[in-house]
Amino acid sequence: MSVQADCIVCQTVRDGQPVVYSDELWHAGILPGLEVPGWITLQAARHTEQVTGMNAEEAATFGPRLVALSQAIKTVTHAERVYLYAFGDGAPHWHVLLAPRAADLPEEARHGHYFDDRERYRDQEQAVLVASEIRDRLAAAAL
Ligand SMILES: [Zn+2]
């Protein structure tokens, strides 16, 4: 597996992030700074950059992993929607953030504001608890 020493995503996987899902191609879990309950990142197991960096096998499996993970998050959190964020400026390692958005989140706090205001919603203990519920849900669904 290709790991880049100065990559925060590679380091997090290597150092044992709270894991929700893992196989030879994909990891899903909590990234440092994004400890909002229900927020899970899905990232390539190897260091590759941007959506265009995926190889054919990764591209073929990304969609099914994304759908299963989104469904598990939505079920556990009872979210109205699961937002997907993929910027890549802060950490170029290919990953997407899945962020469940509750039905009662005010309109002015939605969309990009939800990501920008993440400090308001961070709760390390609750994030780990919800991640374990999502992991159990995924396992039950036999991804
Ligand atoms: Zn990396």
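Counting only residues that are open to solvent by less than 60 Å² (accessible area, probe 1.4 Å) and part of a helix (DSSP H, G or I), which one in region 94-124 is farthest from the ligand (Cβ to nearest atom)?
Ala109
For region 13-69, which residues satisfy the criterion of being assigned to a strand (DSSP E or B) and more than 17 Å from Arg135 (Cα to Cα)?
Ala44, Glu49
Going by the conditions given, is Val51 among the β-branched types (Val, Ile, Thr), farther than 21 Å from Cys7 by Cβ and either over 11 Å from the mean Cα position of the chain (by Cα) or surrounded by 15 or more Cβ atoms within 10 Å (Cβ to Cβ) (or both)?
So Val51 fails the test.
In region 1-27, which residue that is more than 11 Å from the ligand (Cβ to nearest atom) and in contact (Cβ under 8 Å) with a residue 60 or more places away in the chain is farthest from Ala127 (Cα to Cα)?
The qualifying residue farthest from Ala127 (Cα to Cα) is Tyr21.
Quick one: count up the residues across region 51-108 that are charged (D, E, K, R) and in contact (Cβ under 8 Å) with a residue 12 or more places away in the chain.
Counting residues in region 51-108 that are charged (D, E, K, R) and in contact (Cβ under 8 Å) with a residue 12 or more places away in the chain gives 7.
Modelled with pLDDT under 95, part of a loop (DSSP other than H, G, I, E, B) and surrounded by 17 or more Cβ atoms within 10 Å (Cβ to Cβ): is that true of Ala91 in this structure?
Yes.
The values are calculated or read from the model by the stated rules, or taken from the named source; none is laboratory data. Please read all numbers here as calculations on a predicted model, not as lab measurements. Glycine gets a Cβ as well: all are built from the backbone with ideal geometry, and neighbour counts include every protein chain shown. Remember, those area values only see protein heavy atoms, side chains included, never the ligands or the DNA or RNA. Shrake-Rupley method; radii C 1.70, N 1.55, O 1.52, S 1.80 Å.
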